[in-house]
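Structure first, then comments.
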Amino acid sequence: MMALLPSVSLLGTTALLFEAPGELALSSQQRIWALARETQGWPEVREAVPGMNNLMLTFTQPPRTTQALDALEARLYAAWDAAVALPLQGRVVELPVVYGGEGGPHMADVVSHTGLSVEEIVALHSGPTYPVYALGSHPGYCYLGGMDPCIATPRRKVPVLSIPGGAVSIGGAQTGVSASAGPSGWNTIGTTSMSFFDPAQDPPALLQPGDMIRFRVERVVR
Amino acid sequence: MIEVLSSSALATVQDLGRTGSLRWGVGTSGAMDKLALAAGNLMLGNDADAAAIEVPVFPFKLRFGQDCAFALTGADCAARLDAQPLMPWWVHQARAGQVLTLGPPQGGAQRGSRAMLCLAGGVDVPVVLGSRSTQLRGAFGGHEGRALRRGDVLRAAGAGQACATGFGLVPPALTLPLQVDGVPAVRVLPAAEYPGFEEASRAAFWAGEWKITAQSDRYGYRLAGEALRPLAPMEMRSHGIVPGVIQVPHSGQPIIQMRDAQPSGGYPKFGTVIEADLWRLGQAPIGSRIRFVETTWDEAVAALDEVQAWLDKVERLVELHRSAPRKN
């Protein structure tokens, strides 16, 4: 679904979700980064949390009335219109990946959904340099942009109760690497080893929005 | 010192949760029943967000290594201190060497599912990224970043301090009841993808009873009921979510995000259980049934005020007890 206009929706009384219009794009994400920087200074906002071409604002206190809520939403739309792309430039981190086999239990599902061979999927997945759009899901996890739409595969009908840390997976039009073991609705196609998070460090996460990830094919298991 | 004597898993150290680290992918964690945590702490003269032990699996036993005042809130677990039965929602005094035992929740259909054990001064564990709550997924916070196990030793920051004890509260399940046709209920604000579901599914969501399945925990409650069908398949971009969000994966069986929920997700969002009612869900046992009630922004804000008013009342009541002359 491609929205033509930005939208704002409620996450209970805890937060608002702003969604940028159009196709998923780095240029939109750069405006999301700018909007996050702007709104983080608003008194109503506890945390401004970028997602994939969207931004969640959690409240310090929820606006007292629907009128106050409407006013906040109007300010948010105006701030989006005024937002100028913030081109963050980070470092490039290379991750060696073993594709398929035990570490890639859902490769067959991606094959059957896309109609491509394992080799084609691996080539398309390891080709690009992926910009980190945002962190989310679990400590240190990066949402990446730039995946080839040819290997897009819907999230699983029922989430898997636990996938291991280092799992390289595809969910819809996105790809990512899990930073620790936990439940996931994505299709795991490979595995890598890298420590993405340390709560004792400042910042605690290895990667920031604007950094880049490159997947290097270490091995393909058939 | 307090020694855990049970091997029963899943008891964790929790406070009111971790804010400020969502942008690193760190969810909030925190007590599943925040009213029980805050009230228990207030009864002890602690800050409302002091860390406590949340117990979801029974029996659970621990031994006090020194004198320590404690408050038991949340589910009524037929607690005993050595052989002596204890009142729920009450402040007690343990002497060094005494063993506290929590049994399975009682109270029939009205029973809760999680006991909260608050200790004088709070559980003394390090603050990590602004909170003492256990971050199970990230394996940090709480006690060594994990659930408690037999042999663990915890410290109460205020052990040995004189505390007013021997008083209690009427639990919020009785003073702030919410039911529909005799079934426990929670209020829900519709979310972004609500209009994207079939009208029949939307009607069934509000009219039906939803069973909390065995695959439910601090991360989320997986419900069973009439499948919710979208008008067309929806693939969302990953976005921030909060505890209470009701996601609908392709199976059509909803999942309510709870306190250990991920801070982001991508399944369509049907609605959000309002923050003011999440404690009710935190106490709903596996296998029990719940109903959903559609609410509005103004009602949801008023519900938060109602919770705060209850806590203010608790604080005043505690003040009366603590300033009253002690009877021996």
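Observations on the model:
- Charge dipole magnitude, Cβ of K and R +1, D and E -1 - chain A, Cα centre, debye nearest 20: 180 debye
- Options B:Thr134, B:Pro233, B:Gly158, ranked by Cα towards positive dipole end of the protein assembly as shown, top entry (Cβ charges): B:Gly158
- Square roots of 5 times each gyration tensor eigenvalue, C-alpha, region A:92-221, largest first, Å: 22, 16, 13
- Considering chain A at the alpha-carbon level, its Rg and Dmax are found to be 18.5, 59 Å.
- Potential lengthening between A:Gln208 and A:Arg37 on full extension [0.36 nm per residue; Cα-Cα distance subtracted]: 60.1 nm
- Along each principal axis, Cα extent of region A:1-133, largest first, Å: 55, 30, 27
- 10 Å binning of all Cα-Cα separations within region B:179-295, expressed as whole percents from 0 upward: 15, 53, 30, 2
- Counting only alpha carbon atoms, the long axis of helix A:26-39 and the longest principal axis of chain A meet at about 40°.
- Its residue count N fixes a reference of 2.2 N^0.38 Å for region B:2-168, and the Cα radius of gyration divided by that reference is 0.96.
- For region B:64-87 versus region A:151-186, the gap between their alpha-carbon centres in whole angstrom: 43 Å
- Region B:258-318 - charge dipole about Cα centre, Lys and Arg +1 at Cβ, Asp and Glu -1, debye rounded to 20: 340 debye
- MRE, 222 nm, helices only [DSSP H, n ≥ 4, -39500 (n - 2.57), over chain B, to nearest 500]: -5000 deg cm²/dmol
- Debye equation applied to the C-alpha atoms of region A:43-117, log10 I(q)/I(0) at 0.12, 0.24, 0.27 Å⁻¹: -0.68, -1.22, -1.32
- Stokes-Einstein D for region A:7-82, Kirkwood Rh over Cα pairs, 25 °C, 0.890 mPa s (µm²/s): 199 µm²/s
- Length gained on full extension, A:Leu116 to A:Arg91, computed as 0.36 nm times the residue gap minus the Cα-Cα distance: 5.8 nm.
- For region A:7-82, the Cβ-based charge dipole about the Cα centre amounts to some 180 debye (Lys, Arg positive; Asp, Glu negative; other atoms uncharged).
- Helical contribution to [θ] at 222 nm, DSSP H n ≥ 4, -39,500 (n - 2.57), averaged over chain A, rounded to 500: -6500 deg cm²/dmol
- Ranking A:Leu161, A:Pro204, A:Ser178 by Cα position along the charge dipole of region A:111-207, where only Lys, Arg, Asp and Glu carry charges on their C-beta atoms, puts A:Leu161 farthest toward the positive end.
- Placing one equal scatterer on every Cα of chain B and applying the Debye formula, the log10 ratio I(q)/I(0) at q = 0.15 Å⁻¹ is -1.22.
- Compactness of the protein assembly as shown as Cα Rg over 2.2 N^0.38 Å, two decimals: 0.99
- Quotient of C-alpha Rg and 2.2 N^0.38 Å, computed over region B:1-45: 1.46
- Each other residue within a Cβ distance under 13 Å of B:Ser251 adds +1 if Lys or Arg and -1 if Asp or Glu, for a net charge of +4.
- Summed side-chain charge close to A:Arg222 - residues other than A:Arg222 whose Cβ falls under 13 Å, Lys, Arg +1, Asp, Glu -1: -1
- The residue among B:Gly271, B:Ala224, B:Pro249 whose Cα reaches farthest toward the positive pole of the charge dipole of region B:197-328, with charges on the beta-carbon of Lys, Arg, Asp and Glu, is B:Ala224.
- Here B:Glu226 and B:Ala162 are evaluated by their C-beta separation; at R0 = 45 Å the FRET efficiency comes out at 0.20.
- Close Lys pairs in the protein assembly as shown, defined as Cα atoms under 29 Å apart and 8 or more places apart or on different chains, number 8.
A short reminder: the numbers here are calculations on the coordinates, not readings from a lab. Since we're looking at a predicted model, the values are computed, not measured. Quick reminder, even Gly has a Cβ in these numbers, built from the backbone with ideal geometry, and neighbours come from all protein chains shown.
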